[in-house]
């Protein structure tokens, strides 16, 4: 017979964990505009749908840094809840690493490297597609400096994701349970859960 502790662990290991973490970080860093968090039993990992307020093609360094933290949210949630990591966040980790490298080597967003753009993208030389040129050869020392900066950005984003989720662990668990009950949680519901964390205990019970 399953105990309450066993059931709680089972719920937290369920598909919605990663999208729940991402939704919370989106809200805290100010990127949550209109959002539906979706995690179904048919979708092994669930996903988060973020609808931007407007179409934008320019991103600031701060916005990209926030996005790195969002992508690392699922991994951070696993570390906090289970003290373990899985392969589930591989795609988000890959996206985050690619953007961090672009910030450093292409967008000139690293103070250590400076306002320089390197063609570091790894593209197949066998694909004769216009604009797809082989990566530029750069000095070994420069490549090492780029790697150091990429790791720094990733580490800072990971630490920020961990901090946000630790501060809002009650909301993380709450969003997961809501998703298990009815599969879709709107952004306003995430906001209410976060607001309830900071309310007095009496008000928190009344609003439950």
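The values are calculated or read from the model by the stated rules, or taken from the named source; none is laboratory data. Just so we're clear, the structure is a prediction, and the values are computed from it rather than from any experiment. Reconstructed Cβ throughout: ideal geometry from the backbone, glycine too, with neighbour counts over all protein chains shown.
Find all pairs meeting these conditions: Cβ atoms under 6 angstrom apart; at least six residues apart or on different chains; first residue within region 182-208 and surrounded by 10 or more Cβ atoms within 10 Å (Cβ to Cβ); second residue at pLDDT below 80 and part of a loop (DSSP other than H, G, I, E, B).
Pairs that qualify, where the first residue is surrounded by 10 or more Cβ atoms within 10 Å (Cβ to Cβ) and the partner is at pLDDT below 80 and part of a loop (DSSP other than H, G, I, E, B), are 183/40; 187/32.
Being surrounded by fewer than 16 Cβ atoms within 10 Å (Cβ to Cβ) and under 15 Å from the mean Cα position of the chain (by Cα) is the filter here; which residues of region 153-181 pass it?
The answer is 155, 156, 159, 163, 166.
Do we find a residue being under 12 Å from the mean Cα position of the chain (by Cα), surrounded by 20 or more Cβ atoms within 10 Å (Cβ to Cβ) and modelled with pLDDT under 95 anywhere in region 99-106?
no
Residues that are under 19 Å from residue 152 (Cβ atoms), touching a residue at least 24 places away in the same chain (Cβ under 8 Å) and buried (at least 18 other Cβ atoms within 10 Å of the Cβ): does region 76-86 have at least one?
Within region 76-86 (the criterion being under 19 Å from residue 152 (Cβ atoms), touching a residue at least 24 places away in the same chain (Cβ under 8 Å) and buried (at least 18 other Cβ atoms within 10 Å of the Cβ)), the answer is yes, since at least one residue qualifies.
Quick check on residue 73: is it at pLDDT 90 or above and on the phi > 0 side of the Ramachandran plot?
Considered against the rule, which asks whether it is at pLDDT 90 or above and on the phi > 0 side of the Ramachandran plot, residue 73 comes out as no.
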